[in-house]
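Working notes for the structure below.
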Amino acid sequence: MCGIVGCVAKEDCYGKLLSALEKLEYRGYDSAGIALLSAGGKIAVRKKKGAVANLFGAPVAGSAGIGHTRWATHGKPSDENAHPHVAGKFALVHNGIVENFAALKAELCAAGETFASETDSEVIVKLIARLYRGDFFGAVQAACERLEGAYAVAVLCEDFPDEIVCAKRRSPLIAGAGCGAAYVCSDVPALCGAAAFVCPVEDGEFVHIRGCEICFKRADGSAVPKVFCRLAEEEKGAERAAGSRMEAEIAEIPRGLSRTLGWLRACDFAPAARALRGAGRLFTVACGTAHHAALAFGNLLAREARIPVLCETASEFRYGDPLIGAGDVLVAVSQSGETADTLEAVRLARERGAYVIAVTNAEHSTLARLADLPLRTLAGAEVAVAATKSYNCQLLALYYLAAQTVFFKRAAFPAWFPALEGAAPACERAFGCFEQVADLAERLREKPAMYYIGRGTDRFTAAEGALKVREIAYLFAESCPAGELKHGTLALVEEGFPVFAVATARALAAKTANSLAEAKARGAFTALFSQEDFAGGADFSCRLPALPEALMPLVSVIPLQYFACRMCLLRGFDPDRPRNLAKSVTVE
Ligand code: F6R
């Protein structure tokens, strides 16, 4: 949801900004722009609709600069609406939404201001310019006082060469220190290879960069002491040899699982033991793919630990006045750790006294900092918009947590716990079905829609498979519990309509096969994904590597992820950058 970067560097500031922007592009790719402040005190702007690559060309001179990659909220993707926005001596980049922008814009228009864009962000830079009386930091701070909503901003001022002032509320911002360069950025991976040390900025804080000095400030201008930490190796993304990022990230699943397991083994669960042992209720909150992982966890935990688990999509959680309070545990799952809906749900749970466990792939994220127990997934930076390896790693971390909870409740680990060690090799074996799945995609490439079914935990895998296809292949794909098919959805089935079934729960497999047979009897093209060879006569059958049943979602999703990727490529789309979407959804 938009990426911002700021950099002060004597050497190649423009190149450093471009390099960070390319890595930030997964946050939005509607348009991109850069502003550089030259030693002579003049701001030069280059901005364009479309990808960051449009900014390539002769470098813009300057040793302080800001950059932006946009996911449009206010105003269509266009050169005019691209950031940076300029007013008087100032240039600004913004990530977030200014909720009171209409009122502020009306006020500024009444005072004679005119606007070059339709964005909410331009309002901020106009405010700063009007409030400026020679004090750069003071003008940014005073403007921020007038804003409602979420923002991370980085601002240049022509009177202050080599300086950037930044502010943050509810949109992510990280400061980074590298060799001869100081940075601010929306996300840590964009600083990989550039900054050696990073430090997250908290809500309400400001960052004032002067040359290579990075100063954190409160609104009154007083300094906030901070400790920077070394940028870890695993923050780097998948190395892409050939093909899409998404394919590279699927290939990284086994490695991510091994690293995640290593981290979990070393994690001290003792501080969480009291909360988990005494938990009256357990809630999960998450969005999209992460919600599917949470649903699989909730289903497993309720069965194994015999406690009520309520899984809610984060965007609904706080509006339902949830029955959460002291003594309850909330598990929040988020790859980015910055999803606005998930963070708001966590804030509500904390206010009400619940113990918060977070599962996140981003060590320095807001979610990790909000949690009582942050659990890490070490999938490595995930750049393709469609989540893949992070999902498998979330499942692993959640299963590990489920096992700990069962242990704290019953003084014994579940029987499947040791088999977590075998998850990474099993996923590696699942890659063996890719050729077969690629053929399936070829066969179905012209289909306009498809349906996914499953029972028990398999229905969450089915939901994830359908989401992947919608997201990147732009096909209508939905899922339902297999038993629900005949309660309405079966009406959709006609000759050749694809129905995919995930059937890894042995006790339910025969029933799922029946549902598939019912669809086939009505002309459906049926595909079955199972570790068992059971009779049923599906048109396509994919044999999955076996793990204990409880853990099968770790592997059964892999052919579905790959299928979506193949469908996308065959239909001529870019799996890494699906239309209308962005990786990190930092607005509600
Ligand atoms: C789907 C996808 C999204 C995210 C969702 C939550 O492939 O990527 O559905 O899962 O936006 O994002 P995080 O996990 O960062 O909170």
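For segment 3-231, the tally of Lys pairs with Cα-Cα distances below 15 Å comes to 8, considering only residues 8 or more apart or on different chains. Note on segment 404-461: Cα-Cα pairs beyond 18 Å make up 66% of the total pair count. Each principal axis of the Cα cloud of segment 144-280 was evaluated for its coordinate range; sorted largest first, these ranges are 52, 49, 28 Å. Rolling a 1.4 Å probe across all protein chains gives F413 an accessible area of roughly 80 Å². Could you tell me how far the Cα centroid of segment 37-55 sits from the Cα centroid of segment 483-516, in Å? Cα centres, segment 483-516 to segment 37-55: 54 Å. Counted residue by residue at 0.36 nm each, then reduced by the alpha carbon distance between them, the extension gain from K511 to R350 reaches 53.8 nm.
Annotation: aspartates and glutamates with alpha-carbon distance below 19 angstrom to K409 (same-chain offsets under eight excluded): D268, E304, D328.
Taking every alpha-carbon pair in the chain and binning the separations at 10 Å intervals from zero gives 4, 17, 26, 24, 17, 9, 3, 0 percent. Note on segment 435-512: Cα-Cα pairs beyond 19 Å make up 36% of the total pair count. Sequentially through segment 381-388, phi angles give Karplus couplings (6.51, -1.76, 1.60; θ = phi - 60°) of 4, 10, 9, 4, 4, 6, 6, 10 Hz, Gly and Pro residues having no value and appearing as x. Rolled with a 1.4 Å probe across the full set of protein chains, the surface gives D321 an accessible area near 110 Å². Each label was represented as a point 7 Å from its Cα along the Cα-to-Cβ direction; for K409 and E118 these points are 5.2 nm apart.
For segment 293-322, state which trypsin sites (Lys or Arg not before Pro) are in a DSSP loop and have at most 11 other beta carbons lying within 10 Å of their beta carbon.
Values: sites: R303, R306, R318; in loops: R306.
Counting only loop positions with at most 11 other Cβ atoms within 10 Å, the trypsin sites (Lys or Arg not before Pro) in segment 293-322 are R306.
Using the C-alpha atoms of segment 318-431, what convex hull volume per residue, in cubic angstrom, is computed? Here the figure is 126 Å³ per residue.
Listed values for segment 169-181 are Karplus-derived 3J(HN,Hα) couplings in whole Hz (6.51 cos²θ - 1.76 cosθ + 1.60, θ = phi - 60°), namely 8, 6, 10, x, 7, 10, 9, x, 10, x, 6, x, 8, and x replaces Gly and Pro.
Each principal axis of the Cα cloud of segment 244-414 was evaluated for its coordinate range; sorted largest first, these ranges are 45, 37, 26 Å.
The rule of thumb for compact globular proteins, 2.2 N^0.38 Å, goes into the C-alpha radius of gyration of segment 452-553 0.98 times.
What is the projected area of the convex hull of the Cα atoms of segment 22-128, averaged over all directions, in nm²?
Value for segment 22-128: 6.8 nm².
Sites listed here are GluC sites (Glu not before Pro) in segment 422-519 whose DSSP assignment is loop and whose Cβ has at most 11 other Cβ atoms within 10 Å: E446, E494, E495. Relative to the longest principal axis of the chain, what angle (0 to 90°, nearest 10) does the C-alpha long axis of helix 136-145 take? It works out to around 50 degrees. Eigenvalues of the alpha-carbon gyration tensor of segment 86-146, scaled by 5 and square-rooted, set the equivalent ellipsoid semi-axes at 17, 13, 11 angstrom, largest first. A Förster radius of 35 Å combined with the Cβ-Cβ distance from A196 to E145 puts the calculated FRET efficiency at roughly 0.55. Between D268 and A110, the FRET efficiency from the beta-carbon distance, with R0 = 60 Å, is close to 0.55.
Compactness of segment 139-210, taken as the C-alpha radius of gyration over 2.2 N^0.38 Å, stands at 1.11. Using only Cα atoms, locate the centre of segment 266-301 and the centre of segment 165-235, then give the distance between them in Å, rounded to an integer. A separation of 31 Å, based on Cα centres. Normalised by 2.2 N^0.38 Å, with N the number of residues, the alpha-carbon radius of gyration of segment 3-231 equals 0.91.
Sorting the segments 357-364, 9-16 by their residues' average number of neighbouring beta-carbon atoms within 10 angstrom, most packed first, yields 357-364, 9-16.
The values are calculated or read from the model by the stated rules, or taken from the named source; none is laboratory data. Everything quoted here is computed from the prediction, not taken from an experiment. Don't worry about glycine lacking a Cβ; one is built from the backbone with ideal geometry, like all the others, and counts go over all protein chains shown. Heavy atoms of the whole protein, side chains included, go into the accessibility calculation; ligands, DNA and RNA do not. Shrake-Rupley method; radii C 1.70, N 1.55, O 1.52, S 1.80 Å.
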